[in-house]
Amino acid sequence: MKLYNMHLSNFASKSRIAIYDKGLNIEIAAIPGDNLKSPEYLKINPLGKTPALDADGMIIAESEIINEYLEDKFPNPAACCPKDRRGPRARAHVYPFS
């Protein structure tokens, strides 16, 4: 897996925090062409947003969805989401999704 990101992006930071917190072996890469609208990056993520996760050929392009995907795919060793994901109070205290 590879996370395309820009280091000053708050959205990308949320996904990097989830990756680091879970201790995942995911490559963290700069945006190709160093520009969200570069032809190289638009081939990867036509939305031209950061971050984008390449999960074995499937591109996930929103930080919230990336973090939920990582939580579902890698629930261990560290759960970032409470077991009871239905309760609004528990959901409001989720780290790093909040």
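The values are calculated or read from the model by the stated rules, or taken from the named source; none is laboratory data. Being a predicted model, the structure only gives us computed values, none of them experimental. As a convention, Cβ positions derive from the backbone with ideal geometry for all residues, glycine included, and neighbour counts pool all protein chains shown.
Observations, loosely collected:
- Here ILE17 clears all of (1) under 15 Å from the mean Cα position of the chain (by Cα); (2) modelled with pLDDT of 95 or more except the condition numbered (2).
- The number of residues in the stretch 4-18 that are touching a residue at least 40 places away in the same chain (Cβ under 8 Å) and over 18 Å from ILE44 (Cβ atoms) comes to 3.
- Hits in the stretch 1-23 - residues which are part of a loop (DSSP other than H, G, I, E, B) and surrounded by 15 or more Cβ atoms within 10 Å (Cβ to Cβ): MET1, MET6, SER9
- Scanning the stretch 26-35 for residues that are at pLDDT below 95 and out of contact with any helix residue (DSSP H, G or I) (no Cβ under 8 Å at 6 or more places or on another chain) turns up just one, ASP34.
- Residue in the stretch 24-71 that is nearest to LEU3 (Cα to Cα), counting only those that are among the β-branched types (Val, Ile, Thr) and in a loop (DSSP other than H, G, I, E, B): ILE26
- In the stretch 11-47, the residues that are more than 17 Å from MET58 (Cα to Cα) and of a type in the set (Ser, Thr, Tyr): SER13, TYR20, SER38
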